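The structure appears below as C-alpha cells.
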Number of protein chains: 2
Amino acid sequence: MRAAVSPDTRLPIYLQLKDAFAAKIQQGVWSHRDPVPSENKLAEAHKVAVGTVRKAMEGLVAEGLLERRQGKGTFVRRPDFGSALFRFFRLAGADGEVLRPTARILKRRIVPADQVSARALAVAPGTPLICLFRARCVDGRPILVEDIAIEASRFAPLAELPTDQFGDLLYPLYDEVCGELVVRATETIRFDAASPRVAKALELTAGTALAVIERVAYGPDGRPLERRRSYGPADRFSYTIELR
Amino acid sequence: MRAAVSPDTRLPIYLQLKDAFAAKIQQGVWSHRDPVPSENKLAEAHKVAVGTVRKAMEGLVAEGLLERRQGKGTFVRRPDFGSALFRFFRLAGADGEVLRPTARILKRRIVPADQVSARALAVAPGTPLICLFRARCVDGRPILVEDIAIEASRFAPLAELPTDQFGDLLYPLYDEVCGELVVRATETIRFDAASPRVAKALELTAGTALAVIERVAYGPDGRPLERRRSYGPADRFSYTIELR
DNA sequence: ATCATTTACTTCTGTATAGAAGTGGAGATT
DNA sequence: AATCTCCACTTCTATACAGAAGTAAATGAT
C-alpha cells in the first residue's frame, strides 16, 4: 500500500513505525502463526511510548494486515482470496451448505506479454508470461473459467510443475512454491457475451451472457503479481455492496 | 448501523459517546455546514477526557459520518448517493468531462405493497406505496430507468407534488419535503434480460442484456426508506472494487 | 491601503500512568 | 486425577499534560 522506499524522517513517528511494521510483515519476519512482539517490547525496542506503537498498530489493523486479540497478542492476518470470487456467484447447495469448488488447469502456455497484460502486470511488452486456463467446478460441472497470467521469471516453478498438482487454490501455491505473497487485489466487473472458447469450457452456447471479473492481485511491495479474468454465467451472478 | 436503543452502561465510555454523537448527527442536531463542537468543549460537557472524545470521533470518522480538518474543526459528512449509481456505468463524455444526468418521472402510482416490496421496506403487505417509474438521461437519451417504491404515509407530499417538479435528485427532495434522511444503502447487482416495458423506456429491443441494481436505502434509525431497482444496458456497465 | 505579526482557536502528535479485562499456565487444594 | 486459585502476561480503556501544526481573524507597522 505504502511505498516505504524512503527512510521518511519528517513523517510522524507512528507512521514511520507503521511502515517499519508493514515491512516486517511483508518480509515474513513476523510470521502469521505466532504473535508479533508485545506493545511494551516494541515500545522499548524503538524507544517510544506504548501509545505510539499502539497507534501504528491500529493503522495496520484497519488495513487488515494485523489482528489483535485481547489477552493473547497481535497476529499477522493472512488474507484469503481463495474463495472470494464466489461471493459473486450464487452456488449455495439446495440446503444452503457451503460448497467447495474444485479447480482444474485446462491449459498452460508460455507467451510473450501483449500490450494489455504488460500494462496490467507492470512489465515490458514481450516479457514471458505463464498463461493458465482454469476451470472451477462444483459437482463436476464447470461454474467458472479463468484466464490467469503471471510473470514467468517470478513464478518459474509453475512452468514445470505438473498441472494436476496445482491444487484448488493458487495463492497458497504462489506463496509456498514461489515465495510470492498476495496481499491485495482489485476487481472489475463487467458483462459480455461468451466467446466460443469460453462457452465450450463452460458447456454453454456461444453468445450467452457472462459476468466477467477482472482481477489484478498485488504483492506486499505493491507490484502486480497476477492478472486474472474470470467468466461465469450472468444469471448466477449476484453481488451486494454497502454504501455510506 | 448501531441499534443504540439502550442507554448502554457497561459499554466503554467512548462507545457510549460514539452512539450519542451518532444520534446527534441523525437527528440533525449537528448540521453539516458548521463544525461540531470542539473536542475540548465536548470533553468538558460530558465530563470525560479529551482523548476519550477523540476515540469516539475516530470511530465515526472511520464509518464515514464525520470528517476532521486540522485547524478548522470536525464536520458532519453528508453522504451523496445522488450520483453514486453512475459509478456503475461508463458515461464519461468523449473528453472525460463529468456528465450530470437529468431525471424524468415517467409514471406515478399508488399501490398496495406486494410480498417482496413489503419485506424490503419492512412494512405489512398491502401498505400503500408510492411507486415511481423514472428515467435518467444524458443528452436527452435514456441511460437508466428505475422503479422506486416508498411508503405513502411517510412520503405523503410526494403523492401530490407535480411530477415535473421532482428535480434530478430524489434524496434531497426526501429530506426537504418529507424530512426523511437517507444515510446508508445496500445495493445488489445482477444481470437480466430487458422486459418489454423497460426496453421501451430505454429505447432498446426487449431481451437485451441489462444490469439490474437493486437498492434499499435506510434512514438514520436503520429503517428502510426506499426500494429502488435500476436498469441499465449491460454493455455500459463496469464496476471496480478493492479486496484485502 | 497593504502586508506582516500576533493571537486564539482548531486538530494532531507524543508521552506517561493507572487500572480493567481477557488468556493461559503453574501450583495448591480437594 | 480433577478442580481451583493465583500469577504473569497480553491488549484495552481512560486520564492528564505538553507542544506541534494548520486556520483564520484581529492587530499593528509600513
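What follows draws every value from the coordinates through simple rules; no lab data is involved. Please read all numbers here as calculations on a predicted model, not as lab measurements. Virtual Cβ from ideal backbone geometry, glycine too; neighbours counted across all protein chains shown.
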Computed over all unlike Cα pairs, the Kirkwood hydrodynamic radius of chain A in Å stands at 20.2 Å
Copies of residue B:163 compared via label points 7 Å along Cα→Cβ give distances in nm, shortest first, of 5.6
Listed by chain and number, the residues whose amide H is under 5 Å from that of residue A:144, excluding neighbours fewer than 5 places away on the same chain and using placed H, are A:136
Counting only residues 5 or more apart in sequence or on a different chain, those whose built amide H sits under 5 Å from that of residue B:66 are B:61, B:77
Yeah, the range A:141-225 with a ≥ b ≥ c from its alpha-carbon gyration tensor (a/c under 1.5 is rounded, else prolate when a/b outruns b/c, oblate otherwise) is oblate
In whole angstrom, the spacing between the Cα centers of the range B:21-76 and the range A:138-163 equals 50 Å
Dividing the alpha-carbon radius of gyration of the protein assembly as shown by 2.2 N^0.38 Å, where N counts its residues, gives 1.12
Here, residue A:80 and residue B:90, labelled 7 Å along Cα→Cβ, have an inter-label distance in nm of 3.6 nm
Per the rotation taking chain A to chain B, min distance Cβ-to-axis on chain A (residue, whole Å) equals A:209, 2
On the formula 1/(1 + (r/R0)^6), with r taken between the Cβ atoms of residue A:62 and residue B:119 and R0 of 51 Å, the FRET efficiency rounded to 0.05 is 0.90
Longest chain A segment clear of GluC sites (Glu not before Pro) sitting in DSSP loops (not H, G, I, E or B) with at most 11 other Cβ atoms within 10 Å runs A:98-202
The long-range amide H neighbours of residue B:184, using H built 1.01 Å from N in the peptide plane and a cut-off of under 5 Å, are B:218
A correct Kirkwood calculation over the Cα atoms of the range A:79-218 returns a hydrodynamic radius in Å of 16.2 Å
For the table A:55/B:47; B:107/B:200; A:47/B:55; A:47/B:18; B:18/B:41, the rows whose alpha-carbon distance is greater than 21 Å are A:55/B:47; A:47/B:55; A:47/B:18
